[in-house]
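Report on the following structure.
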Amino acid sequence: MKDTADYLGLSPHTLYVWRQRRQGPPSFRMGPRGRVMYRLEALDAWVREQEQADSRSNPAHNPLNTPLQERSSRFLGA
């Protein structure tokens, strides 16, 4: 988990909490001691998903890119 935390720029504790809450990147247990493992490809895919879901990096999710009338009805419950 330390290598994964370093790779993602997070603390191992954050990964532990996310795993307990079934959040964060996909992981699995391996071996007789049940060591928690993360596949590099899965980490990269998860990071891309996070980036696409963030309105600051994905113009399609930025509410300021929606026409004003549509935006006001969507956010004001009109």
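Here, each number is a calculation from the coordinates, and none is a lab measurement. In this text the structure is predicted, and so the values were computed from the model without any measurement.
Calculate, in nm to one decimal, what residue 16 and residue 53 gain on full extension: separation in residues at 0.36 nm each, minus their alpha carbon distance.
11.1 nm
For residue 5 and residue 29 in the same chain, what is the full-extension length gain: residue separation times 0.36 nm, less their Cα-Cα distance, in nm? All intermediate terms of the calculation are to be shown ahead of the outcome.
Values: separation 24, 0.36 × 24 = 8.64 nm, distance 1.63 nm.
Additional length available on full extension: 7.0 nm.
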